[in-house]
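To start, the structure under review is shown below, and the notes come after it.
The values are calculated or read from the model by the stated rules, or taken from the named source; none is laboratory data. Predicted model, so just to flag it, every value in this text is computed and none were measured. Cβ atoms come from the backbone with ideal geometry, glycine included; neighbour counts cover every protein chain shown.
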């Protein structure tokens, strides 16, 4: 009997780690897509001094506003001209993010967390509308935030969270009929502020969600060179400020307690200009 219980526990732990490994593989090897970070339940779930570690994955798509742009031209490395770049909407900016997550219970009703991981992005046919496509390298991403519980009674928790993240993307913007690719660099900082409820449906399953605010700030730079009519090398550098197109959104998710230590959550986020899927596997200890 005892041996059977030990084997059952070992099998459960093996399944949990296989689930975590699968999540990591999907996060790092899946097709390139988005930005919004996973939020999880909006209330804290750690006691003071308790620790939590895990993996997070998000896949999202959004429209971004590019404005306050300028362009500068150089001919054979010598300044030639400068002007104002036309503002526009960057459509269907897609990003994958995968994080390792570490959290600490600062108090019974408050926790802080840090995320470190990687990200990649794609978009197409938005800057020059010439059939072009951008594919980034896999680049560094970092984030963190706090969660707090404001009210708790029976199976209901109400809380709020604030999280920020930063990511950069470097890659080539190219089209099959272009003689050479553009070099594009993007820096994006995001802030998400949410308030909502978590309700425990059963001993192992909870649902959560609520409204949130989503802010983006950053910069996009596009540099390319071509031979001009006189045979010289004309280099053009464009840059725009990046902002979110929509601030207000809402999200909903579910959290499943796999064991006393392990939990898995999956969620969906939406604003009028973005959609995101998020998932996470956590280990409390």
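Any residue that is under 18 Å from residue 101 (Cβ atoms) and crowded, with 16+ Cβ neighbours inside 10 Å - is there at least one of those in the stretch 201-222? Please lay out each step first, then the result.
First, pick out the residues of the stretch 201-222 that are under 18 Å from residue 101 (Cβ atoms): 208.
In the following step, the residues that additionally are crowded, with 16+ Cβ neighbours inside 10 Å were identified as 208.
The answer is yes, given that some residue of the stretch 201-222 is under 18 Å from residue 101 (Cβ atoms) and crowded, with 16+ Cβ neighbours inside 10 Å.
For the stretch 214-222, check the following and say yes or no: at least one residue is within 23 Å of the chain's Cα centre (by Cα), touching a residue at least 40 places away in the same chain (Cβ under 8 Å) and farther than 30 Å from residue 251 by Cα. Yes, the conditions are met somewhere in the stretch 214-222.
Is at least one residue of the stretch 81-93 assigned to a strand (DSSP E or B), within 14 Å of the chain's Cα centre (by Cα) and surrounded by 15 or more Cβ atoms within 10 Å (Cβ to Cβ)? Before the answer, list the steps.
Start the filter on the stretch 81-93 by keeping residues that are assigned to a strand (DSSP E or B), which leaves 81-85, 88-93.
Filter once more, keeping what is within 14 Å of the chain's Cα centre (by Cα): 93.
Imposing the further condition that a residue be surrounded by 15 or more Cβ atoms within 10 Å (Cβ to Cβ) reduces the set to 93.
Yes, there is a match, as at least one residue in the stretch 81-93 is assigned to a strand (DSSP E or B), within 14 Å of the chain's Cα centre (by Cα) and surrounded by 15 or more Cβ atoms within 10 Å (Cβ to Cβ).
Can you tell which of 208, 199 is assigned to a strand (DSSP E or B), in contact with a strand residue (DSSP E or B) (Cβ under 8 Å, 6 or more places away or on another chain), in contact (Cβ under 8 Å) with a residue 12 or more places away in the chain and over 26 Å from residue 142 (Cβ atoms)?
Only one candidate passes the filter, namely 199.
Just to be sure before I move on: is residue 16 in a helix (DSSP H, G or I), farther than 28 Å from residue 160 by Cα, touching a strand residue (DSSP E or B) at 6+ places or on another chain (Cβ under 7 Å) and modelled with pLDDT under 95 in the structure I sent? When the stated conditions are applied, residue 16 passes them.
Of the set (1) assigned to a strand (DSSP E or B); (2) modelled with pLDDT under 95; (3) loosely packed, with under 13 Cβ neighbours inside 10 Å, all apply to residue 4 but (1).
Just so you know, in the stretch 231-285 the residues that are under 18 Å from the mean Cα position of the chain (by Cα) and outside any strand (DSSP E or B) include one that is farthest from residue 80 (Cα to Cα), and it is 272.
Inside the stretch 211-230, can you point out the residues that are more than 30 Å from residue 64 (Cα to Cα) and either assigned to a strand (DSSP E or B) or touching a strand residue (DSSP E or B) at 6+ places or on another chain (Cβ under 8 Å) (or both)? Before the answer, list the steps.
Going residue by residue through the stretch 211-230, those that are more than 30 Å from residue 64 (Cα to Cα) are 227-230.
Scanning the stretch 211-230 gives 227, 228.
Of the numbered criteria (1) in a strand (DSSP E or B); (2) within 29 Å of residue 211 (Cβ to Cβ); (3) in contact (Cβ under 8 Å) with a residue 60 or more places away in the chain, the one residue 102 fails is (3). Could you go through the stretch 218-231 and let me know if any residue there is within 23 Å of residue 270 (Cα to Cα) and either out of contact with any helix residue (DSSP H, G or I) (no Cβ under 6 Å at 6 or more places or on another chain) or at pLDDT 95 or above (or both). Scanning the stretch 218-231 turns up at least one residue that is within 23 Å of residue 270 (Cα to Cα) and either out of contact with any helix residue (DSSP H, G or I) (no Cβ under 6 Å at 6 or more places or on another chain) or at pLDDT 95 or above (or both).
Those residues that are surrounded by fewer than 20 Cβ atoms within 10 Å (Cβ to Cβ) and either touching a helix residue (DSSP H, G or I) at 6+ places or on another chain (Cβ under 9 Å) or at pLDDT below 95 (or both), I need them from the stretch 107-126; list them, please. Show your work before the answer.
Narrowing the stretch 107-126 to residues surrounded by fewer than 20 Cβ atoms within 10 Å (Cβ to Cβ): 107-110, 112, 114, 116, 118, 124-126.
Selection gives 107, 108, 109, 118, 124, 125, 126.
What strands (runs of 3 or more DSSP E), lying completely within the stretch 105-195, carry at least 3 residues that are touching a residue at least 40 places away in the same chain (Cβ under 8 Å) and closer than 23 Å to residue 241 by Cα? Don't jump to the end; show me each part of the working.
On the way: elements: 110-124, 133-136, 139-153, 156-174.
Those strands (runs of 3 or more DSSP E) span 110-124, 133-136, 156-174.
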